Amino acid sequence: MSPRRSRTIVAVTAILGLSGLLAFTAAQDSPEEASQLSQIHKAMMQFSSDPQEALPTTSKIYPVHDMKRPQPSMVEPGMTGSASTPGTAPSDATVLLGPGSGMGAWDHDRWMVGDDGVMQVKPGTGDVRSKASFGDCQLHIEWMIPADRACNGQGGCNSGVFFLDKYEVQILGSNPNQTYPDGQAGAMYAQYPPLVNPCRPNGEWNEYDIIFTSPRFNEDGSLKTPGTATVIFNGVVVQNHSTFMGVTSHGSKATYRKHSPEGQIRLQDHGDPIKFANIWVRPLQPRTLAW
Ligand code: MG
């Protein structure tokens with residue numbers, strides 16, 4: 001596509017909106033290309049289970065390989081953790097817990113934290129919530145069950161990380177431990193068991209990388225698009241873009257109720273002295289149109 005045509009497309013989009021652009025694009029490409037583009041755009045517009053997949057209506061359109069398209073920002077990656085040593089955050093992350101961070105990012109300081117950035121639940125003091133709110137995001141969290149803990153089902157080794165203060169990915173000593181599968185480590189609690197169980201033994205660090213998409217609601221309170229989570233547990237996928245059925249509940253089917261697309265990250269005090277390290281969040285922007 002020529003630069004001139006590219007500029008024309010931007011102008012058409014500005015004047016006619018997305019539908020105008022699609023008609024323009026279909027009219028300018030060969031019949032085969034137009035047909036294929038039309039099918040892709042139709043499929044994208046009809047794919048409504050994930051707002052990240054929705055076709056943006058405000059994007060500039062760039063031809064394939066256009067050098068004028070903005071370069072991706074440089075990010076210095078963090079160091080990968082291991083079973084014995086926590087990792088570090090990438091340069092553009094919002095750090096909620098790290099060396100020297102204390103409890104400053106959280107709504108109370110009744111849990112214990114050392115200068116090394118290891119935080120531990122002080123049982124009975126209550127959940128902690130991030131002071132900041134987040135919506136669609138990548139969250140990294142490392143956690144350890146102390147070596148001397150006895151895990152018995154949901155007892156002894158339990159915590160959890162909640163998105164928007166509502167949607168839980170379960171944290172549980174699960175090596176070994178028998179419990180209901182939708183309550184094992186890496187479960188979207190009471191909704192989806194993890195695909196597999198890559199949990200390390202007590203006394204070793206585990207890590208989650210979670211890609212969370214917030215649910216969206218219509219004006220009348222009905223669900224527009226559900227929340228989703230992809231969970232990578234010690235490098236192993238255990239949730240593959242799983243769809244939340246509603247706000248996390250215990251012993252009952254989840255349901256949705258309208259809320260903001262942003263909210264606090266919450267860590268659960270389930271009465272067990274679980275350790276945490278290297279917690280960071282990267283808010284995720286909607287994808288831009290490919291071309
Ligand atoms: Mg829990």
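Points worth noting:
- For region 164-175, Karplus couplings with θ = phi - 60° (6.51, -1.76, 1.60), whole Hz, Gly/Pro x: 6, 6, 9, 10, 9, 9, 6, 10, 7, x, 10, 9
- The slack in the chain from Met112 to Asp209, taken as 0.36 nm per residue of separation less the alpha-carbon distance, amounts to 32.6 nm.
- Extended-chain gain in nm, criterion 0.36 nm per residue less alpha-carbon gap, Lys122 and Val196: 23.7 nm
- Taking amide H positions as modeled 1.01 Å from N, with prolines and chain starts lacking one, the residues under 5 Å from Ser82 and 5 or more places away or on another chain are Gly87.
- Cut-off under 5 Å, modelled amide H: who pairs with Cys157 long-range: Asn152, Gly173
- Region 132-188 and region 198-243 have their alpha-carbon centroids 12 Å apart.
- Estimated vicinal HN-Hα couplings, Hz - region 204-212 in sequence order (Karplus 6.51, -1.76, 1.60; Gly, Pro = x): 10, 6, 10, 9, 10, 10, 10, 9, 10
- The reciprocal of the average 1/r between distinct C-alpha atoms defines the Kirkwood hydrodynamic radius, which for region 51-208 equals 18.1 Å.
Values in this text are rule-based calculations from the coordinates and carry no lab data. Just so you know, these numbers come straight off a predicted model, no measurement behind them.
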